[in-house]
Amino acid sequence: MPSPIRLTSRALAPFVIAALAAASVAAATAAAEPLPRVASINLCADQHLLALADPEQILTVSWLAADPEESLMASEARHYTLNYGTVEELLKFAPDVVLAGTYTAPFTRTLLRRLGYRVVELEPEASVADIERNVRLVAEIVGQAARGEQLVAKLREDVRAIEAHRPAQTLAAVIVRPGGFTVGAGSLANELLTLAGFTNVVAERGLDRWGSLSMEALLRSAPDVIVLTGYRSTQPSLANAVLEHPALKGLDATRRTVTVHTALWACGVPRSIEAAALLQRAANP
């Protein structure tokens with residue numbers, strides 16, 4: 001029976017050196033591989049992209065991203081070329097990835113794919129869990145997974161802080177939006193209300209997501225807190241005229257009122273948690 005082959009350290013050395021060299025080459029190749037260059041044509045995707053990608057990765061974001069009435073990152077967005085979501089605009093950028101939303105124009109998404117572009121659609125955020133999902137998705141797409149995990153960790157820390165400061169007594173709240181609309185169940189605004197320690201009166205009455213609220217129904221609900229959403233409040237409109245109704249003004253005098261800007265919960269981003277903090281300050285003046 002032949003004796004087993006024994007390899008000495010000297011005999012193993014070439015194999016070890018070769019393995020280390022191969023690992024070094026692989027690491028150098030990975031490091032040299034450029035990060036994807038991204039274009040965004042959706043307001044919510046814009047804000048995730050601006051928060052996660054390196055500046056040189058961002059080719060263009062939508063024009064809404066630079067509007068402070070719509071976006072929490074308007075000042076950052078103004079550093080980039082803005083687009084109106086057309087295919088013709090995006091062709092000149094030749095992006096590696098196009099970020100869109102599930103409600104972005106279907107024609108645009110389909111044509112971009114037919115032209116060979118990778119299009120990633122973000123589902124709307126209706127909960128804190130949805131925010132985490134989209135942060136991680138965009139972070140992976142732009143090659144910034146570690147940055148994404150940092151944002152998720154900070155979001156969870158902020159959520160714990162909100163939970164720790166809920167008011168001792170649960171307060172009933174009603175959200176009043178321009179045009180007399182409100183917010184029901186299945187929405188990010190409702191989740192943030194609940195997180196802050198409030199009950200959403202219209203959600204308890206079965207209103208799903210978005211709906212209208214008559215002044216009579218608002219008066220009958222007699223909420224502890226009225227939550228107004230500031231949206232282009234300095235620009236005259238029929239929608240904002242509803243918020244000037246004498247009955248609502250009279251209710252303001254006897255109820256706590258807090259204004260939460262629409263941009264804080266129009267899109268679900270980590271900063272949306274600031275809406276819950278505003279609500280808590282209203283509950284504990």
**Q.** Conditions (1) among the hydrophobic types (A, V, I, L, M, F, W, C); (2) closer than 30 Å to Gln280 by Cα; (3) in contact (Cβ under 8 Å) with a residue 12 or more places away in the chain; number of the one not met by Ala153
**A.** (3)
Q.
Given the criteria of a type in the set (Asp, Glu) and not in a loop (DSSP other than H, G, I, E, B), does Glu125 qualify?
A. no
Q: Give the number of residues within segment 92-131 that are under 19 Å from the mean Cα position of the chain (by Cα), surrounded by fewer than 19 Cβ atoms within 10 Å (Cβ to Cβ) and acidic (Asp, Glu).
A: 3
Q) Which of the following residues is touching a strand residue (DSSP E or B) at 6+ places or on another chain (Cβ under 9 Å) and in the same structural domain as Ala51 (by TED's automatic domain parsing): Leu111, Leu137, Leu171? A) Leu137
Q: Select, from Arg160, Arg147, Arg113, Arg109, the only residue that is outside any loop (DSSP other than H, G, I, E, B) and closer than 30 Å to Val201 by Cβ.
A: Arg160
(Q) Given the criteria at pLDDT 90 or above and assigned by TED's automatic domain parsing to the domain that holds Asn134, does Ala153 qualify? (A) yes
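The values are calculated or read from the model by the stated rules, or taken from the named source; none is laboratory data. Given the structure is predicted, the values throughout are model-derived calculations rather than measurements. For neighbour counting, all protein chains shown are included, and Cβ atoms are generated from backbone atoms with ideal geometry for every residue, glycine included.
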